[in-house]
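Notes to accompany the following structure.
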Amino acid sequence: MDPTPHMKPHGAFAALMADQDLAHLQRVMRRSLSCDLGGPLLPPSYWRERLAAVTRQSHLSPTQVQIVHRLHLYIDAFETASAVRDDQPIAAAGGQSG
């Protein structure tokens, strides 16, 4: 058995990989959750798992931890806004009949 899958990369390479992953997640996650097509392209649970994977895969710097935290807050805000939108009744079309 190969013991390396349980080891986290260290040093400059690990920091670079985490930076690239987080920059990618910041760009793509915001677009995915923007609801331009009537709903998110990928659900918030997917993005939470992606953030967890980045956290598990390397030792994050304090700045990187702050980015992860901000992205979690963004997901929380999206879910709150979605819940509010889903709870609002749909207004009648102009209130006119027939």
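Can you give the local net charge around R27? Use residues other than it whose beta-carbon is closer than 14 angstrom to its beta-carbon, Lys and Arg +1, Asp and Glu -1.
It works out to a net charge of +2.
Determine the shape class of segment 15-83: with a ≥ b ≥ c the square roots of the Cα gyration tensor eigenvalues, call it rounded for a/c under 1.5, and otherwise prolate if a/b is greater than b/c, oblate otherwise.
Prolate is the answer for segment 15-83, as a/c is 1.5 or above and a/b outweighs b/c.
Would you mind computing, in nm to one decimal, how far apart the modelled labels at V28 and T80 are, each placed 7 Å from Cα along Cα→Cβ?
Modelled inter-label distance: 2.7 nm.
When only Cα pairs under 8 Å and 6 or more residues apart are kept, what is the percent relative contact order across segment 15-83?
Computed value for segment 15-83: 40 percent relative contact order.
Give the peptides 59-68, 78-87, 46-55 in descending order of average Cβ contacts within 10 Å, highest first.
My ranking of the peptides, most packed first, is 46-55, 59-68, 78-87.
How large is the dipole of segment 15-83 about the Cα centre if only Lys and Arg carry +1 and Asp and Glu carry -1, each at its Cβ, rounded to the nearest 20 debye?
60 debye
Just so you know, all these numbers are worked out from the coordinates, no wet-lab data involved. Because the structure is predicted, anything quoted here is derived from the model rather than measured. Heads up, the Cβs are rebuilt from the backbone with ideal geometry, glycines too, and the neighbour counts pull from every protein chain shown.
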